[in-house]
Structures are given as C-alpha cells and as structure tokens.
Amino acid sequence: MLFPTVSRCCGRGPLPGTDPTPFEWTVDDAVRALLIDALPLSGPPLYEVLSRLYQEGDTAERRAVLRALPLLDRGGRVGDLALPLVRGALRTHDPALITAALGRYAADRLDDAGYRQAVLTCVFSGIPTARVEGLGERTDPELVRMLADFARERLAAGRDIPDDIRPLLRSHPEAAATAGLPGDLLRTADTSQGRPPCASSTPMSI
C-alpha cells in the first residue's frame with residue numbers, strides 16, 4: 001500500500017549532494033529502499049514480495065527494488081534469489097534500470113559470463129562504465145577481449161571508441177591485442193598502469 005505512494009508523499013527529486021541525472025539516487029528511491037529493508041522477511045518469502053513489487057511497479061518502483069538489493073544482501077537475506085530481477089533489468093533499454101541493476105549486489109552475485117555481458121550492455125547503451133560496480137576486481141582478459149572486438153568494429157565503421165573503455169583495454173593489453181587494435185590505443189603513460197576504474201558513484205548508506 002505504501003510503496004506506490006512514496007513519490008507523491010516524499011517527492012522525486014535528487015538526494016542532497018547528487019546531480020539530477022538518471023544514474024543518481026532520488027528521494028523516492030531511498031524511501032522505498034528503507035521500506036523494503038524494514039520488511040521482516042528473508043529468503044523465498046522476501047523474494048516473492050520483491051518480485052511482486054517489481055513486476056507490478058512503474059519504472060521508479062522497479063528502480064527502487066533494484067537499488068535495495070545491496071541492502072538486503074548485507075545480511076544474506078536474499079542470496080542469489082533476486083538475480084532474475086537483475087537479468088530482467090539488463091534486458092531493458094532503460095539506462096536508469098540498467099544502472100540500478102548493476103550495483104554491489106550484481107557485482108557480488110552475477111557469474112563471470114553474466115557480469116561481462118552486463119558491462120557490454122552498458123557500453124552499447126552509452127552508460128558510463130564508472131556506473132558499474134566491481135569493475136576494479138572483475139575485469140578479466142575475456143571481458144577485455146570482448147571489449148576489444150567491440151572497439152575494432154567501431155573503428156572499422158569509422159566511429160569513435162568510448163573513452164571510458166580505453167583503461168579497461170589497457171588493463172589486459174595481451175587480450176586486447178588479439179583483436180588487432182592499433183598499438184597506440186593500448187599504450188598508456190599514466191601512473192595507474194591502465195588498471196580498470198572502480199565505480200565512481202558512492203553507494204548509498206541508509
């Protein structure tokens with residue numbers, strides 16, 4: 001009963017100190033996440049409620065369910081049960097839902113193949129890779145090879161390569177080189193040694 005009324009009662013604006021973009025938490029996101037976190041449930045009964053809220057909700061309500069998942073996962077209350085919600089969000093074309101799905105929960109719970117595909121989804125959708133949690137620890141040679149293939153196709157079509165995938169390509173230059181990318185694309189003179197960036201957005205603490 002309360003979940004759908006949050007936006008009307010509390011507002012939809014950005015939280016203080018955040019930018020009004022589709023990628024940031026909003027007031028109604030935070031309130032809905034608190035409501036979900038307060039549910040005295042865990043395991044399948046909790047997932048049943050989450051699934052119903054997600055399936056019956058509008059975009060804002062679905063986004064809040066996804067953003068609440070790391071809160072629930074802190075106490076092991078939902079485990080892998082909510083992964084179908086993450087995968088469903090990744091199949092949408094909504095940047096806000098995709099970004100909300102790729103929080104700490106997805107970084108910890110998605111298998112390697114699923115995580116790699118999620119990163120590619122962001123790249124294809126124009127979502128900054130800095131919005132993807134876990135890149136620092138989960139970028140591997142296979143992901144770099146997939147990104148290198150994407151970059152090669154972009155170059156062949158006369159299109160630019162997104163700047164934010166260049167550090168990822170340089171993190172495993174041997175894997176990237178298999179795509180036949182120009183050498184100057186894989187060279188870096190910065191002090192980071194080309195390590196992949198971690199998500200720049202600070203996870204919500206509520």
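Measuring with a 1.4 Å probe in the full set of protein chains, what accessible area per residue, in whole Å², belongs to the stretch 45-112?
Here the per-residue accessible area is 42 Å².
Counting only protein chains, not ligands or nucleic acids, how are LEU34, LEU147 ordered by accessible area (probe 1.4 Å), most first?
LEU34, LEU147
Compute the helix-to-body angle for 43-56: its Cα long axis versus the longest principal axis of the chain, expressed 0 to 90° and rounded to tens.
Computed tilt is about 80 degrees.
What Kirkwood hydrodynamic radius, in Å, does the chain give when the mean of 1/r is taken over all pairs of distinct Cα atoms and then inverted?
Mean inverse Cα-Cα distance, inverted, gives 18.0 Å.
Obtain the nm distance between the two label points defined at GLU153 and LEU15 by a simple spin-label model: each point lies 7 Å from its Cα along the Cα-to-C-beta direction.
Each label point lies 7 Å from its Cα, and together they span 3.6 nm.
Mind listing which trypsin sites (Lys or Arg not before Pro) in the stretch 25-127 are in a DSSP loop and have 12 or fewer other Cβ atoms within 10 Å?
Of the trypsin sites (Lys or Arg not before Pro), the ones in loops of the stretch 25-127 whose Cβ has at most 12 other Cβ atoms within 10 Å are ARG91.
Leaving ligands, DNA and RNA out of it, report the carbon-plus-sulfur percent of the accessible area of the chain at a 1.4 Å probe.
Whole-percent figure for carbon plus sulfur exposure: 54.
Percent of Cα-Cα pairs more than 13 Å apart in the stretch 21-72, please.
54 percent
With every protein chain kept in the model, how would you rank PHE23, PHE150 by accessible area, 1.4 Å probe, largest at the top?
Output order, biggest surface exposure first: PHE23, PHE150.
Between VAL27 and VAL49, take the C-beta separation as r, use R0 = 25 Å, and let me know the FRET efficiency to the nearest 0.05.
That pair, VAL27 with VAL49, gives E of 0.70.
Quote the FRET efficiency, to the nearest 0.05, computed for THR178 versus ALA130 with a Förster distance R0 of 30 Å and r equal to the Cβ-Cβ distance.
In this case the efficiency is close to 0.70.
Sorted by accessible area (1.4 Å probe), largest first, how do GLU174, GLU24, GLU153 line up?
GLU174, GLU153, GLU24
Given Cα pairs under 8 Å that are at least 6 residues apart, what percent is the relative contact order of the chain?
Result for the chain is 16 percent.
The values are calculated or read from the model by the stated rules, or taken from the named source; none is laboratory data. Just so it is clear, the model here is predicted, and its values are computed rather than measured. When we count neighbours, we look across all protein chains shown, and the Cβ atoms used for this are built from the backbone with ideal geometry, even at glycine. Just so you know, the surface numbers come from the protein's heavy atoms only, side chains and all, with ligands and any DNA or RNA stripped out. Shrake-Rupley method; radii C 1.70, N 1.55, O 1.52, S 1.80 Å.
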